[in-house]
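The values are calculated or read from the model by the stated rules, or taken from the named source; none is laboratory data. All values reported here derive from a predicted model rather than from experimental measurement. Cβ placement follows ideal geometry from the backbone for every residue including glycine, while neighbour counts extend to all protein chains displayed. For the accessible areas, the whole protein counts, side chains as well, though only heavy atoms, and no ligand, DNA or RNA atoms are used. Shrake-Rupley method; radii C 1.70, N 1.55, O 1.52, S 1.80 Å.
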Amino acid sequence: MASRQHRENALLASPLVLFLLLILGFPTVLSLIYGFSETSFETLMQPQFSGLQNFRDVLGDPTFWQAAGFSLRFGLITAVLQCALGLALAVYLAPLVRAHPWTVAILIIPMIVAPAMMGLMYRLVLHEFAGPLPHYLYQWFGWSPSFLGPAHVFKTVVLAETLQWTPFAFLLFLTAYQSIPSELREAASVDGARPLRLFWKIEWPLMLPTVFVALFIRFIDGFRVFDNIYTLVGSGPGGSTTSMSIYIYETFLRRGEIGKAMAAAILLFLTAFLLLALGQWLTRRRRP
Amino acid sequence: MASLHLEHLTKTFGNQTVTRNVSLSVEDGAFCVFVGPSGCGKSTLLRLIAGLEEASSGRIMVADRDVTKVPAYDRDLAMVFQSYALYPHMTVRDNIAFSLRTAKRPEDEVAAKIAEAARILKLEDLLDRKPAQLSGGQRQRVAIGRAIVKQPKLFLFDEPLSNLDAELRVHMRVEIARLHRDLGTTVIYVTHDQVEAMTLATKIVVLRAGEVEQVGSPLQLFDDPDNIFVAGFIGSPQMNFFKAKHQGGRLFATDFPDQSCQAPALSAALAEGQDVTVGLRPQFMGLEGNASLELMIEVVEHLGSETLVHARPPGSAQMMTALVADGRNLAPGQAFVARFDPDRLMVFDATGKRLR
Amino acid sequence: MKIRHNLRAGVAALALVAAGSVQAEVTVLGWPGGPEEAALRAVTEIYNAKADVAEENKVELLFTSRDGFFDKLQVDLAAGSTAFDLNLIATYSIGRYAPYMEPVTLSDQAGTVFGDTVLKTMQFDGKQYGVPTDLSLHFLYYRTDLIDALLADDAAKAKYSEIAQQHLGKAMEPKAPADWTWEDFVANALYFSQSVNPDSPTRYGTVIQAKNLLFNMMVFHSWPRSYGGNWMDDAGNITVDSEAFRTALSQAKLLFDLGATPPDSTSYEYAEANAAYASGQVAAMVQWNAAAGELTAAQAATGTTAPPAGPEGKFTHIHGLGLGLNKAAENKDGAIAFLQWLSTEEAALAYAKAGGAPGLAADTAAKLAADRPDLVQVGDYASNFGFVMNGGTSEKALSVYEAQAKEFTGFWAGTQDLDTALKNATAAMSELLK
Amino acid sequence: MKPRLTLRWIVFAVAVFVMNFPVISTLVTAFKSPGEVSRNPSLWIETPTFENFATVLTTSDRLNIYNYLWNSTVAAGIGAVLPIVVAFPLAWAIVRRGVGRAILFPLVVNLRALPLIIFAIPIYMMFSVAGLLDTRLGLGLILAVVNLPLALMLLVNAVAEIPHEIEEAAHMDGARLPRLLFRIVLPLCRPALITTFIFGFITAWNEFLFGLMLTTSKAVPMTVGASFFFATSGGGVQWGVAAAVMVVAALPPLALGLVMYRRITGSLVAGAVKG
């Protein structure tokens, strides 16, 4: 029975494993080689083994740490904002959605638009001379902030990301909210709980697991942000909006430091792997 | 139809032993009920028989065929789950047909069997519905229908009635009993409800902490339990127990002062000064008998034909229950002298083993 | 549904006809979307129609996306792509792409058609890597209506002078843009900015495209160069931390700080800067010559001249585009034949007539004076003011621009001071150009 | 008790307007003539025109939007279906047998955090040997890799939602593994499969970088093709045409999302919550 199960398990895992090996196996091996070699585009075929030099380069590169800091801040802030907004919208609009389910379809439009295009759209929308937003601000207040200027660019990209992905958090919370048994709410109302108390004492605790999941997913996606920031402002004035992904992309393609880019990617992957493993270990401990 | 033999069956999860060295024989056509409190391992034992769990050691024989290593789908058994486990995406008809089609039976045979099962279980009008459109009792019948069309060697039931309301439960209990009588298939039935066990079984297996405590017919277990656990578990209302010391052929209650009664005639002589636990069924406490206990009535429950009297000895907190035939004039606060035949007393030693 | 179906069918039929008529075997990856594309299409048609071009040597054109074009080309070449035989090269990328390209011999006419300066934009390590097709340099674009009004108004002149005194430390007179120094450019930009001069007819005096992008550095380079700036001296020492660069960077910084260029312009590239000028809220700007059509169309009163002068004179950064031979090409003979034809006078003239901007020698350009007067201007500026930074065609030139873009835009955006920017740029360049 | 919705309608309208502001602006711009774009940045169109859409929808020997749309449809289709096919058996094995829970599962999920573009060169080399460059299949394969993490996560959650007893019942009914997987588990995962497909399709459709790197002419997807329109006639960006092409490019996934929004809202997210 055990050996039959082993055979079955192998069979079940094989499509995915084969697919990964086929498509990413060779690239991974090559990337690992490059990660430990002195390589440029000119010497792709003759990588020179250089041990951990690339990793030392990456860890000694202030831009890497700046990018890590940016991604961390960006991921945390956008995740929190999206979850807060999404939660508020979900709880407040739940009665409306129940009465008119199609409203959900309208609310989720932003997340269906390609992030790369969203970045381009913002380039138009925020342009001081061609964009509607500054146009109206000038018309009404005679003044418009420089959305993409050094003082505000971080806030702007955070806002753009938040507005595009709040619908995702909204969806998660809406589902969680709707799955709370109505008896619970009724019981609490009979016990005299007013809406705010009802939320904090009943709904919030029940939605807490969803909050963690939403924060986690949005953090990961915020941390690896590329498309929209890249098309909107590139790496930003003086590299001020260089995220981890943009750092790796530029190191790889623009500066041609392949080994260093691979080393940074390997570090990123290992960190993410450890974080996920840690997360799983923690949740497993929490509910034995 | 087949017999079932378990030999030294043990199941461990990690370092936890759930089923310990169980040996058991169930003869062809029997209705065997596994009963015990939750966590006693009865469900695990059923799943071992079903093939849903793999035995750590020991042997399982169905119709004299060793199936210990045979996967569930090849054991030719049928199981009714506590949650019914109907296939939600299939109609009732397809649910019932699933096992037959899996076995690649001809469609006309499948149709005939579905029709027959539907007739037996009164499902004719429901065949094209999905499980979500059925009531609890209807789902239960579909689950049974799914089991009977297979004509399995054994029927396995895993607490099949626990999700039904009280009235339906009594009704389905009768249905299952009738079905067993009509089909004659060997049934293994798991429940934590000793009433179900008593009413349905031809053979009861009482389990505790993964081990078999006693096997026997319902009345054997009621009349002649092997130990304090079986004595307490089987029988409703539950048997009364009190601690006592044996002195000079009398049993002196240790927890309530100044009461004693004559010890029953036991073949194994009780030692002088031995500490024992004494058991007495509520059914045997009444207004007649050579021995008696003096009690104060706390609560009286009139069941109509009988009366349940909850009372305690003066100076003690221990409640005793008596089931008396005519208790219409009993009331709380009254003194109540419970009389009984001392031979009805069961005596258990310090380990809980019955002394006979 | 039906319409679309018909359309698809029609398209498929067209494609079949097209494929049937031209059995193209030489594939060319060109610069997409600009006048360069239109011109290349025109000359290719002429070439393919020639009787002595064999069927298997006809040319097929390939245009991919402008976004990420160079990144894709980098990957294509490095991985040994055979998707094209000829591909776009630019002065500053020859060094990077040279390992995957093969040097070519041009037609005998090439020397006289283009002249040595222009041919040099396609050379690396002394070898010719391609045919120069287009020459890009920078114009000073300005609003003639605004400048004329300024020059005709004494009160405005006084205000201008006062603003110059206040911010540049000396009273200055407005001048005609052809006579501007960079100081005049700055003074003019301040005068026409509402943040400095509330009466200004435009919101901003200029717009500097300062997105952290290598092309924007090219636009900027004429400025430090006219103060004598260079990347490195003949001995190979990095000289970016010089008075010249400090002056130009600080002057530009002044414009950012005083609001003479839109505050968002640290994230502007070509499109945004043009949109700003087109809106009529900008008085003058330095921009690629390719923008002439677009800017003139949006603001009719637009004049063009060479970028302002510095102590060392006037300079404009030149940047050649051309086509070179992919080392992995599958039809090298056919490809070389096309390149050689491209370098003939016939091809160059046709290319120019179709809207391209080849850098032509004076004699050749003269033949086009009627059709393309702007080419005379381009040719004139190229030969008189054109420059290439020392090291600007080296293998790592593109990365040098990248590094400078990051450091300089950082300085303008205020994320770091001038010393840090120059120190970091010097360090990065020393690493890249050693 | 009838909930008062008026205020909620207002909040809804404001939220929709703010979150979709770029989309609305782009839609408006798409109907403005080139002259009007630079003259009038407001949301009001003075003289609406279909000129930009005509430009976008007219095919030329270089720009053929129908090709891009078709390429994207095929590649995104492959990129959405393939991950489901390869991830489904493993998802079951992960949930029911704990196979690959320690290494394989986190490994795949973490691909999501990795900028896959670092594999561009090796994949390019591999594809050029395999003849997959500039093919819809080749692009679809990479898009499948991009979608794999989410597909595996969603399917694992979906399988975990299925009551174990239903599978045991099927076992008792004699179903071996293939029949169990395809007749019981797969149909029960249908909502999740549909959401996984929709999300995968949208993600694949919206992908840009691999589309750029791995295609040249024949298999160019819509996002990359859209960028071809940004500079079509020599000048700078034509905002009107750019806006129109963005609108056209966004329509198919948008239509899919709007039509299937119930699937997206219901099942997927219920699965994701279980995490």
Chain C, accessible area per residue, ligands and nucleic acids excluded (1.4 Å, Å²): 36 Å²
DSSP loop GluC sites (Glu not before Pro) with at most 13 other Cβ within 10 Å: longest gap in chain B: B:28-271
At a probe of 1.4 Å, how much accessible area disappears from chains D and A on forming the pair, both sides counted, to the nearest 100 Å²? 8100 Å²
Interface residues, the stretch A:174-214 - accessible area loss of 20 Å² or more versus chain alone, probe 1.4 Å: A:Thr175, A:Thr210, A:Val213
To test your reading of the geometry: what angle, between 0 and 90 degrees and rounded to tens, separates the Cα axis of helix D:136-161 from the longest principal axis of chain D? 50 degrees
Give the average, rounded to an integer, of partner chain Cβ atoms located within 10 angstrom of each Cβ in C:315-324. 0
Computed for C with D: buried accessible area summed over both chains, 1.4 Å probe, rounded to 100 Å², at 2500 Å²
For B:Glu272 and B:Arg101 in one chain, what is 0.36 nm times their gap in residues minus the Cα-Cα distance, to one decimal in nm? 54.6 nm
Qualifying lysines (Cα of each under 19 Å from Cα of C:Lys396; at least 8 residues distant if same chain): A:Lys260, C:Lys72, C:Lys120, C:Lys127, C:Lys406, C:Lys423, C:Lys434
Could you work out the relative contact order of chain A? I mean the mean sequence separation of Cα pairs under 8 Å and 6+ apart, divided by the number of residues, in percent. 30 percent
Normalise the Cα radius of gyration of the stretch D:48-182 by 2.2 N^0.38 Å (N = residues in it) and let me know the number. 1.45
Peptide C:403-411, shielding by other chains (average Cβ, 10 Å cutoff): 4
Cα-based shape type of the stretch B:122-216, given that a ≥ b ≥ c are square roots of the gyration tensor eigenvalues and the cut on a/c is 1.5: prolate
Just to be sure I understand: with springs between alpha-carbon atoms less than 10 Å apart, which residue in D:Thr203, D:Thr216, D:Thr73 has the highest mean-square fluctuation in the Gaussian network model of chain D? D:Thr216
Taking the solvent-accessible surface of protein heavy atoms with a 1.4 Å probe, what is the per residue accessible area of the stretch B:4-229 in Å²? 41 Å²
Within the stretch B:200-356, what whole-number % of the accessible surface is contributed by carbon and sulfur, with the 1.4 Å probe and all protein chains included in the calculation? 49 percent
Percent breakdown of C-alpha pair distances by 10 Å bin, ordered from the shortest bin, for the stretch D:63-132: 16, 29, 38, 14, 3, 0
Taking every alpha carbon pair in the stretch D:65-269, what does the distance histogram look like in 5 angstrom bins from 0, in percent? 1, 7, 14, 16, 16, 14, 12, 8, 5, 3, 2, 1, 0, 0, 0
Under a 1.4 Å probe, what is the accessible area of the stretch B:240-355 per residue, stated in Å²? 50 Å²
Solvent-accessible surface (1.4 angstrom probe) belonging to B:His246, in square angstrom, nearest 10: 20 Å²
Volume per residue (Å³) of the convex hull spanned by the alpha carbons of chain C is 165 Å³
If you take the square roots of the eigenvalues of the alpha-carbon gyration tensor of chain A and sort them as a ≥ b ≥ c, do you get rounded (a/c under 1.5), prolate (a/b over b/c) or oblate? oblate
What accessible area, summed over both chains, is buried at the A-C interface (1.4 Å probe, Å², nearest 100)? 2700 Å²
Just the number, please: carbon plus sulfur as a percent of the accessible area of the stretch A:124-278, 1.4 Å probe, no ligands or DNA/RNA counted. 69 percent
So for the stretch B:240-355, considering every pair of alpha-carbon atoms, how many percent are separated by more than 17 Å? 53 percent
Report in % the part of the accessible area of the stretch D:65-269 that belongs to carbon and sulfur, leaving out ligands and nucleic acids; probe 1.4 Å. 68 percent
In whole percent, what relative contact order does the stretch C:351-434 give with Cα contacts below 8 Å and a gap of six or more residues? 21 percent
For the stretch B:133-289, shape from the Cα gyration tensor axes a ≥ b ≥ c, cut at a/c of 1.5 then a/b versus b/c, turns out prolate
Roughly what would the spin-label model give for C:Glu55 and A:Leu184, points 7 Å off Cα along C-beta, in nm? 7.6 nm
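Against the empirical 2.2 N^0.38 Å scaling, what ratio does the C-alpha Rg of the protein assembly as shown come to? Mind showing how you got there, number by number?
Numbers: Rg = 42.1 Å, N = 1353, 2.2 N^0.38 = 34.1 Å.
Normalised Rg, Cα atoms only: 1.24.
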Under a point spin-label approximation (7 Å from Cα along Cα-to-Cβ), what is the B:Lys245-D:Arg4 distance to one decimal in nm? 7.8 nm
In the Gaussian network model of chain C, springs joining C-alpha atoms below 10 Å, which of C:Ala155, C:Ala39, C:Ala354 carries the largest mean-square fluctuation? C:Ala155
Sequence neighbours fewer than 8 away in the same chain don't count; with that in mind, list the lysines whose C-alpha is under 27 Å from B:Lys153. B:Lys11, B:Lys42, B:Lys69, B:Lys104, B:Lys113, B:Lys122, B:Lys203
Looking at A:Gly119, C:Gly229, C:Thr344, which one has the Cα that reaches farthest to the positive end of the dipole of the protein assembly as shown (charges on Cβ: Lys, Arg +1; Asp, Glu -1)? A:Gly119
Test item: Cα-centred dipole of the protein assembly as shown, Lys/Arg +1 and Asp/Glu -1 on Cβ, debye: 3880 debye
Once you put a point 7 Å from the Cα of C:Leu418 and another 7 Å from the Cα of D:Trp70, both along the Cβ direction, what distance in nm separates them? 6.0 nm
Determine the order of C:Ile336, A:Ile109 by accessible area, beginning with the largest, at a probe radius of 1.4 Å. C:Ile336, A:Ile109
Could you give the spread of the C-alpha atoms of the stretch A:70-170 along their three principal axes, from largest to smallest, in whole angstroms? 42, 34, 25
Which of the lysines could a cross-linker bridge to A:Lys201, judged by Cα under 27 Å and excluding same-chain residues fewer than eight apart? D:Lys2, D:Lys274
Shielding by other protein chains, B:235-241, mean Cβ within 10 Å: 0
Order by accessible surface, 1.4 Å probe, largest leading, for residues A:Trp204, C:Trp288 comes to A:Trp204, C:Trp288
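What is the gain in length, in nm to one decimal, between A:Trp102 and A:Leu32 on full extension, counting 0.36 nm per residue of separation less the C-alpha to C-alpha distance?
20.3 nm
Applying a 10 Å radius around every beta-carbon, put B:132-145, C:369-382, A:190-203 in order of their mean neighbour count, most first.
So the order, starting with the most tightly packed, is B:132-145, C:369-382, A:190-203.
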